[in-house]
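A short write-up of the structure that comes next.
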Amino acid sequence: LSNGIAFQVCDNAVAQYNTIVDMDGLLHTMSRFMGEEQHWDGVGIDADCRCRGTTTFRCNYVEECYAGSFGFFDYQDTEPAAIVLDNNISYNCAKFLYYQCDTQSYTFTITNNTVVRTADSVYADNKKVMDIYNSAPPKGALVLEKNIFYYPGHTARLNKVSSIFRGNAYFGDIILPTDSSAITEDPLLI
């Protein structure tokens, strides 16, 4: 399946209290690729073209998604917009955040999320926690505060471009960003 939930051309959209599992992004025989198997998207929840105002993803559980838990895409959008990710759980997804935008000025507020990738995940070899893909960094800030990034048993790398990190917990072999109040003890997740 391509995406779990995808918003397009909407104002102030909210996705909350959802469970999304195994978005492989694989388009099958009736796709526009004329029968070829192709990966296309594959995120749990996606704010796509022309999401205006504030798009909020709150209290969702996302597991084993090919491109990542949350995706943000625009194609020539011009209006500023805000994205709020609050109290979500990302479990064994390829990435937590996948960002591909050309012209939009997004402001991200990313708080109180739990991001887990275990060593036996099918995506364990992917070192990226966030991916800014094929575009300039966000013109607005990515503020990450009070999140847990739990990567036991393998290396992970947080993208530092246009990002502000405050009071996050990091566990595993994580290449730490600049975070003056970082917590690096085991969060003892069960």
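The values are calculated or read from the model by the stated rules, or taken from the named source; none is laboratory data. Here the structure is a predicted model, which means the values were calculated and not measured. Because the Cβ atoms are built from the backbone with ideal geometry, glycine has one as well, and the counts that use them run over all protein chains shown. With ligands, DNA and RNA removed, areas are computed over all heavy atoms of the protein, side chains included. Shrake-Rupley method; radii C 1.70, N 1.55, O 1.52, S 1.80 Å.
Below are the figures for this structure:
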{"read-out": "Length added when fully stretched, residue 49-residue 107, from 0.36 nm per residue minus Cα-Cα", "value": "19.3 nm"}
{"read-out": "Under 18 Å from the Cα of residue 146 - aspartates and glutamates, other chains or at least 8 residues apart", "value": "86, 179, 185, 186"}
{"read-out": "In range of the label at residue 119: residues from segment 158-190 whose backbone nitrogen is under 12 Å from the point 7 Å along Cα→Cβ", "value": "172-173"}
{"read-out": "Solvent-accessible area per residue, Å², over segment 144-190 with all protein chains present [probe radius 1.4 Å]", "value": "56 Å²"}
